[in-house]
1. Which of the lysines could a cross-linker bridge to K196, judged by Cα under 22 Å and excluding same-chain residues fewer than eight apart?
2. If you take the charge dipole of the chain about its Cα centre, with +1 on Lys and Arg Cβ and -1 on Asp and Glu Cβ, which of S89, P144, H130 is farthest toward its positive end?
3. Just want to confirm a number: the relative contact order over the range 128-264, from Cα pairs under 8 angstrom separated by 6+ residues, in percent.
4. What is the Cα centroid distance between the range 152-170 and the range 225-242, reported in whole angstrom?
5. Using the beta-carbon distance between E47 and K67 and R0 = 22 Å, what value does 1/(1 + (r/R0)^6) give for FRET efficiency, to the nearest 0.05?
6. Determine the principal axes of the Cα atoms in the range 149-216, then give the extent along each, sorted from largest to smallest and rounded to whole angstroms.
7. Can you give me the accessible area per residue for the range 1-81, using a 1.4 Å probe, in Å²?
8. Starting with the highest mean, order 247-253, 4-10 by the number of other Cβ atoms within 10 Å, averaged over the residues of each peptide.
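The values are calculated or read from the model by the stated rules, or taken from the named source; none is laboratory data. Not measured: the values here are computed from a predicted model. Here the Cβ positions follow ideal geometry from the backbone for every residue, glycine too, while neighbour counts run over all protein chains shown. The area values use the complete protein model at the heavy-atom level, side chains included, leaving out ligands, DNA and RNA. Shrake-Rupley method; radii C 1.70, N 1.55, O 1.52, S 1.80 Å.
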Amino acid sequence: MSETIKDTVNYIKTHIQVNPEIGIILGTGLGGLVRDIKIEISIPYNEIPHFPVSTVEGHSGKLIFGKLGGKNVLAMQGRFHFYEGYPMSQVIFPVRVMKSLGIKYLFVSNASGGVNPDFEIGDLMIITDHINLLPNPLIGKHNPEFGPRFPDMSDAYDKNLVIRAKAIAKELNIKVQEGVYTATTGPTFETPSEYKYFRIIGSDTVGMSTVPEVIAARQMGIPCFAMSIITDLGVPGKIVEVTHEEVQKVASAAETKMTKIFTRLIEIL
Ligand code: HPA
């Protein structure tokens with residue numbers, strides 16, 4: 001384990017009673033899942049050695065330990081984005097810390113722009129695959145402790161978890177889409193031509209997060225499950241001005257449904 005991770009993990013371990021089984025990363029406007037966690041302890045990022053501090057509105061910046069769906073979870077309320085100026089090593093640092101704390105699964109949520117013409121604002125999408133247009137977070141000196149130099153990405157989003165999540169959504173009568181999430185740097189939203197390009201290359205949604213964390217988790221062999229809330233549409237004829245406030249508003253409105261799916265899926269793991 002690298003010295004920095006060791007420091008961070010040791011600090012966290014002095015504050016928690018039990019190790020978490022599931023790591024959860026909450027996206028823009030999606031921090032409300034925390035209301036359903038029976039919180040054991042919540043640690044602000046700025047108190048954790050080596051932890052980056054999140055700077056974006058709608059991301060509050062706390063590590064939350066507690067129980068959700070009867071399991072011990074660790075939720076990141078607020079994540080780190082490349083567009084904030086963090087090096088990729090910092091963006092994925094929390095996932096490596098989570099692994100050292102013992103997580104067996106990683107759950108991720110985000111807000112994104114839909115480029116699939118069948119999608120509507122407020123829809124939920126189960127991510128089945130991604131296209132990474134951010135710098136790869138594993139570029140640089142290889143540390144074999146984290147896994148292979150050339151990690152496989154044929155099963156980035158665990159197929160079994162996708163099947164179970166779809167069954168849960170059906171059972172709970174929640175409409176879900178499924179598809180490919182493309183990660184781009186941001187922080188600009190897309191031009192109409194860029195949205196068109198993302199659709200042509202095979203995307204269903206586009207956003208500025210998730211993929212670095214999933215790549216880091218997959219290198220370490222952690223199965224991942226991710227969902228996206230469609231907060232705006234990059235579909236010809238439906239493109240309107242996008243603001244961060246609108247993204248937060250739509251995400252907050254749809255998050256109860258996503259929380260139900262996450263909670264139930266965690267319960268049956
Ligand atoms: N593009 C990129 N990121 C986003 C979008 C979008 O349209 N909506 C929410 N996050």
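1. K238
2. Selected residue: P144.
3. Once normalised by length, the contact order is 31 percent.
4. 22
5. That gives a FRET efficiency of 0.50.
6. For the range 149-216, the Cα spread along each principal axis is 38, 36, 21 Å.
7. Value for the range 1-81: 41 Å² per residue.
8. Taking the mean over residues of other Cβ atoms within 10 Å, the ranking is 247-253, 4-10.
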